[in-house]
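Working notes, beginning with the structure itself.
The values are calculated or read from the model by the stated rules, or taken from the named source; none is laboratory data. In this text the structure is predicted, and so the values were computed from the model without any measurement. Because the Cβ atoms are built from the backbone with ideal geometry, glycine has one as well, and the counts that use them run over all protein chains shown.
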Amino acid sequence: MAQLFLGLDSSTQSLSAVVIDLDRRKVVYEKSVNFDQALPQYGTRNGVLPHPDPLVKHSSPLLWAGALDLLFAAMKKDGVALGQILAVSGSGQQHGSVYLNEHAAGALAKLNPQKSLVQNLDGVFSRPTSPIWMDSSTAAQCAEIRQQLGGIKATAEATGSDAFERFTGPQIRKFYQTEPEAYAQTAGIALVSSFMASLLAGKTAPIDHGDGAGMNLMDIRKKSWHAGALKATAPDLKKKLPALAASGTVIGKVSAYFVRKFSLNPEALATVWTGDNPASVIGLGLIHPGQVAISLGTSDTYFGSMQKCQTDAHGEGHVFGSPTGGYMTLICFKNGSLAREKIREAYGIRDWKKFGAALKAAPPGNRGGILLPWFEAEIVPRVNQPGIHRFDLDEKDAAANCRAIVEAQMMSMRLHSQWMKVAPDRIFATGGASQDTPILQVMADVMNCRVERIEVSKSAALGAALQAAHGWLVQAGRKPKWEKLVTGFTNPVPNSEIRPDPKAAKVYDQLIKKYVRWEREVLSHLAET
Ligand code: XUL
């Protein structure tokens, strides 16, 4: 019989499933349910409920539960061998929170298969909607928590990140301040990941160390709730939070609801879920410290894996527990493809192939020319006033500007990931722009590291399926090795390796010094204005 494992990913806009066959090292099934399309009665746009305040971004926990029913129904209809699934795990959009009252535990324990999940969950919420990661309405609460914990550096050292608007702690504080009665009625607070895991397990699921680190509430080193952070956030909070546990820990057998309704294997194990970024770290095969993935998307994201916990004194990057046991970092640069596209359009360059050719027409190091491409307010480094800044760079020179933006993005990544104290020894490039070899050559040269392309669709759901397999193997008394587990699922694209050019790498070792100087100068100038 095949060894099948199910990974689910509850993201902002959809719920996805990936089923893997462990022996054949194959993804045998993939499916997504799009929230807006499949559940229009909730009125979401791109998974978010409309709200008059543009800073407030909420979604509905019932929508996520409804999608789980639809996805299982689709798997059954598509003939997925649900009776052979050995374990289920999952990942969720990070930071979003679900507020449950005292009826929730009872409802979870006796989910009735004659009814839908939505009907089963009637009356279990102390807050009908859930703030999600896109919410940025908690600046005041962030300032209060940060101050209580002793500033940016101390907050990052304690919880893995500075206080961020989207993080759960500041969101909980806002709820407590603005709706104290509803807060008092709250018996349990879950993350999107632990809420979904609770449905699968039919009982309150722990929060894992990956997603727990996205709350500003977990002691990043001890991996337990941080007393000072709880106190700075809201009263009686500890009572409302579930236990913390390693990702993939077995919670128990899956709820009978899924067995009776969808013929899921009654012996299948429900395991602790994690956040979508930690799950992607597995789904991209980042197992060893020094392995880095750079996703070149609308924003550019730098994911790293580290053994020893280091935190960012400037509070720009995040440290989460990695589902493989150590730590992972997430550094998000907002001006990614968005900024590259602005430059391409500004010089009338039709497509990315031509952009790559233009970039190659200028020499590495651009004769000392530098561009700071903050078309939008930037997260790393923190820049609130958007603007483009050129130094020793002719604005009329299309080739030099195409090269300059990519060089600046890569130098910024190199510079702002140094706090991790792990130099990358292998970079996996993913996301739309990773198709463009000239861009990857600049990446290899600036980082002085070989780069390989990796193409994984649904990396979070795949990571979750691998996490389910890991949890099941541990429970069976085996000692699974992550490296072996991911082999075959997360291999880089054959022949995609790009090696750094030693001469160009030397040029960048010099240029980055100039980049640092200019960046500092502009930042201090912006701070004064
Ligand atoms: C990470 C973050 C996002 C969400 C997206 O800190 O806010 O990547 O996890 O789902």
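Looking at the range 349-360, which of the residues that are outside any helix (DSSP H, G or I) and without any contact (Cβ under 8 Å) to a residue 40 or more places away in the chain is farthest from Met447 (Cα to Cα)? Break it down into steps so the answer makes sense when it comes.
Quick first cut of the range 349-360, residues outside any helix (DSSP H, G or I) only: 349-351.
So of that shortlist, the ones also without any contact (Cβ under 8 Å) to a residue 40 or more places away in the chain come out as 350-351.
On the way: Arg350: 28, Asp351: 26 Å.
The qualifying residue farthest from Met447 (Cα to Cα) is Arg350.
Considering only residues of the range 37-47 that are buried (at least 19 other Cβ atoms within 10 Å of the Cβ) and of a type outside the set (Ser, Thr, Tyr), which is nearest to Tyr99 (Cα to Cα)?
Of everything passing the filter in the range 37-47, Gly47 is nearest to Tyr99 (Cα to Cα).
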Leading residue by the ranking (farthest from the ligand (Cβ to nearest atom)) among those in the range 150-170 that are touching a strand residue (DSSP E or B) at 6+ places or on another chain (Cβ under 7 Å) and assigned to a loop (DSSP other than H, G, I, E, B)
Gly160
Every listed condition ((1) closer than 24 Å to Ser11 by Cβ; (2) surrounded by fewer than 22 Cβ atoms within 10 Å (Cβ to Cβ)) holds for Ala104 save (2)
Which of (1) among the charged types (D, E, K, R); (2) surrounded by fewer than 19 Cβ atoms within 10 Å (Cβ to Cβ); (3) assigned to a helix (DSSP H, G or I) does Lys396 not meet, given it meets every other one?
(3)
The range 477-488 residues that are at positive phi, paired with ones that are surrounded by 12 or more Cβ atoms within 10 Å (Cβ to Cβ) (beta carbon under 6 Å, 6 or more apart):
Gly488/Arg25
By residue number, the members of the range 467-497 that are surrounded by fewer than 16 Cβ atoms within 10 Å (Cβ to Cβ) and assigned to a helix (DSSP H, G or I) are Gln475, Glu483, Lys484
The correct count of residues that are part of a helix (DSSP H, G or I) and closer than 11 Å to Arg450 by Cβ in the range 498-510 is 0
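Test Val124 against the stated conditions and say whether it is crowded, with 19+ Cβ neighbours inside 10 Å, away from the ligand (no atom under 16 Å from the Cβ) and either of a type outside the set (A, V, I, L, M, F, W, C) or in contact (Cβ under 8 Å) with a residue 60 or more places away in the chain (or both). Step through it out loud before you land on a result.
Details: crowded, with 19+ Cβ neighbours inside 10 Å: yes; away from the ligand (no atom under 16 Å from the Cβ): yes; either of a type outside the set (A, V, I, L, M, F, W, C) or in contact (Cβ under 8 Å) with a residue 60 or more places away in the chain (or both): no.
When the stated conditions are applied, Val124 does not pass them.
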Any residue in the range 310-335 that's within 24 Å of Ala245 (Cα to Cα) and more than 12 Å from the ligand (Cβ to nearest atom): show its pairings with residues that are outside any loop (DSSP other than H, G, I, E, B) and of a type in the set (Asp, Glu) at Cβ separation under 8 Å, as long as the two are six or more apart or on different chains.
Thr311/Glu157; Gly321/Asp208; Pro323/Asp208
Checking Asn335, Asn366 in turn, the sole residue that is in contact with a helix residue (DSSP H, G or I) (Cβ under 6 Å, 6 or more places away or on another chain) and within 29 Å of Ala423 (Cα to Cα) turns out to be Asn366
Confirm whether Asn401 is under 19 Å from Ser496 (Cα atoms) and at pLDDT 95 or above.
no
